[in-house]
Amino acid sequence: METQYEINEETMAILTIDNNSSEVFEVNNHYIISKASNKIMEDSCRYFGSSLDGRRKGTEYMIGISYKPPIIVEESKELIFFPTSNSRENSNWIGLKYIKSYYREGENLFLKFQNDVKVQLNISYGILDNQVLRATRLESALRGRKIAKKTIK
């Protein structure tokens, strides 16, 4: 079992197994990491020059969301992830750019990625839909800033 992992352009999701391990889905790989999901997120934010708390504050500044905020792990590659539960707990973290669809199947909620891998999430459809919308708002704000920056030059 791996002990180190940094979020990268291929990362689709980090799902909590327990307080000490996570399941990571990439476009072409799948790993079990012996580290809590929030610790992977913290380490990845630090790798890209900030902290998880700093990224949360950035989201609050950009779009006014402080509860379960989506975060920009890395700006230039638009690596935006959102938690499925209170982000102070070990949460599942979902990468916005690889979501293809999400749907109910009976009592279960499934998230399907662009590569057709699907995962079951233990949250309501409404919670997931709200988190996707929040992450999309953050993505839009980030792109707007990039466009404004190019226009000013």
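Things worth noting here:
- Among (1) in a helix (DSSP H, G or I); (2) closer than 16 Å to Asn8 by Cβ - the single one Gly49 does not satisfy: (1)
- Just one of (1) surrounded by fewer than 19 Cβ atoms within 10 Å (Cβ to Cβ); (2) among the small types (Gly, Ala, Ser); (3) under 19 Å from Asn130 (Cα atoms) fails for Ser91. It is (1).
- Some residue of the stretch 50-69 being more than 16 Å from Leu138 (Cβ to Cβ) and either touching a residue at least 60 places away in the same chain (Cβ under 8 Å) or touching a Phe, Trp or Tyr at 6+ places or on another chain (Cβ under 6 Å) (or both): no
- Test: residue in the stretch 113-120 that is under 18 Å from Val27 (Cβ atoms) and aromatic (Phe, Trp, Tyr): yes
- Every condition in (1) crowded, with 18+ Cβ neighbours inside 10 Å; (2) of a type outside the set (Phe, Trp, Tyr); (3) more than 20 Å from Ile123 (Cβ to Cβ); (4) touching a Ser or Thr at 6+ places or on another chain (Cβ under 9 Å) holds for Ile14 except the one numbered (3).
- Residue that is nearest to Ile99 (Cα to Cα), among those in the stretch 21-49 that are of a type in the set (Phe, Trp, Tyr) and either surrounded by fewer than 20 Cβ atoms within 10 Å (Cβ to Cβ) or free of Cβ contacts under 8 Å to residues at least 60 places away in the same chain (or both): Tyr31
- Unique match (being at pLDDT 95 or above, over 30 Å from Met1 (Cβ atoms) and surrounded by fewer than 16 Cβ atoms within 10 Å (Cβ to Cβ)) among Glu60, Glu139: Glu60
- If you go through the stretch 98-123 and keep only what is closer than 19 Å to Lys68 by Cβ, out of contact with any strand residue (DSSP E or B) (no Cβ under 6 Å at 6 or more places or on another chain) and surrounded by 12 or more Cβ atoms within 10 Å (Cβ to Cβ), you end up with Ile99, Ile123.
- Residue in the stretch 90-104 that is part of a loop (DSSP other than H, G, I, E, B) and without any contact (Cβ under 8 Å) to a residue 40 or more places away in the chain present: no
- Among the residues of the stretch 31-45, those identified as over 19 Å from Asn122 (Cβ atoms) and assigned to a strand (DSSP E or B) are Tyr31, Ile33.
Results for (1) over 24 Å from Asn20 (Cβ atoms); (2) in contact with a Phe, Trp or Tyr (Cβ under 9 Å, 6 or more places away or on another chain), shown as yes or no for each residue.
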| residue | (1), (2) |
| --- | --- |
| Lys39 | no, no |
| Asn86 | no, yes |
| Asn115 | yes, yes |
| Val119 | no, yes |
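- Some residue of the stretch 16-27 being closer than 21 Å to Arg134 by Cβ and not in a strand (DSSP E or B): no
Here is a yes/no grid of residues against (1) touching a residue at least 12 places away in the same chain (Cβ under 8 Å); (2) part of a helix (DSSP H, G or I); (3) under 15 Å from Glu75 (Cα atoms):
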| residue | (1), (2), (3) |
| --- | --- |
| Phe110 | no, no, no |
| Asn115 | yes, no, no |
| Gln120 | yes, no, no |
| Gly126 | no, yes, no |
| Asp129 | yes, yes, no |
| Val132 | yes, yes, no |
| Thr136 | yes, yes, yes |
| Ser140 | no, yes, yes |
| Lys146 | no, yes, yes |
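The values are calculated or read from the model by the stated rules, or taken from the named source; none is laboratory data. Keep in mind that this is a model prediction, so the values were computed, not measured. For neighbour counting, all protein chains shown are included, and Cβ atoms are generated from backbone atoms with ideal geometry for every residue, glycine included.
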